[in-house]
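S.K.: This is the structure I have questions about; it appears just below.
The values are calculated or read from the model by the stated rules, or taken from the named source; none is laboratory data. All values derive from a computational prediction rather than experimental measurement. Heads up, the Cβs are rebuilt from the backbone with ideal geometry, glycines too, and the neighbour counts pull from every protein chain shown.
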């Protein structure tokens with residue numbers, strides 16, 4: 001009876017060590033092999049004594065090694081898949097950023113063309129109404145800003161010095 005109790009204690013100790021060791025090495029192939037060998041030895045000793053322990057250790061070690069290798073291969077495949085997904089996400093993000101930059105650039109060009117046309121018309125209206133907008137070229141310049149401020153002041157508008165479609169309409173309604 002005492003021999004059987006000792007075997008049970010030794011077996012449980014081996015199992016506990018195997019579990020702890022397997023966790024510590026996070027299921028690497030050698031960790032699995034060692035854990036399998038410990039578990040096999042413990043179970044083999046219960047069934048067949050010393051000979052059973054040796055046979056169990058060998059079988060458990062081989063099975064553990066095979067399981068560890070399989071898990072390692074699966075982990076590597078998962079890591080490769082994750083890396084591919086990450087690379088695809090980055091590629092898509094760069095493509096979206098590039099498309100957004102192109103959209104913004106196009107929008108700026110359209111805005112500049114619109115503003116240039118508006119500025120040119122405002123400069124012409126200012127000139128017709130006796131204000132000096134500087135060169136009439138469709139580009140904002142200090143003289144144009146000053147002339148707009150003088151116009152806004154004369155007509156009781158909020159002085160911004162900035163061209164706008166609303167300002168152009170006001171000028172056209174007042175002889176510009």
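S.K.: Would you say residue 76 is assigned to a helix (DSSP H, G or I) and at pLDDT 90 or above? Full working, then the answer.
M.R.: On the way: assigned to a helix (DSSP H, G or I): yes; at pLDDT 90 or above: no.
In short, no.
S.K.: Then there's this: Scan region 103-123 and give yes if some residue there is assigned to a loop (DSSP other than H, G, I, E, B), over 14 Å from residue 176 (Cα atoms) and in the same structural domain as residue 165 (by TED's automatic domain parsing), otherwise no.
M.R.: Of the residues in region 103-123, the ones assigned to a loop (DSSP other than H, G, I, E, B) are none.
No, that holds for no residue.
S.K.: Any idea how many residues of region 148-176 are surrounded by 15 or more Cβ atoms within 10 Å (Cβ to Cβ), under 52 Å from the mean Cα position of the chain (by Cα) and in contact (Cβ under 8 Å) with a residue 24 or more places away in the chain?
M.R.: Residues flagged as surrounded by 15 or more Cβ atoms within 10 Å (Cβ to Cβ), under 52 Å from the mean Cα position of the chain (by Cα) and in contact (Cβ under 8 Å) with a residue 24 or more places away in the chain within region 148-176 amount to 6.
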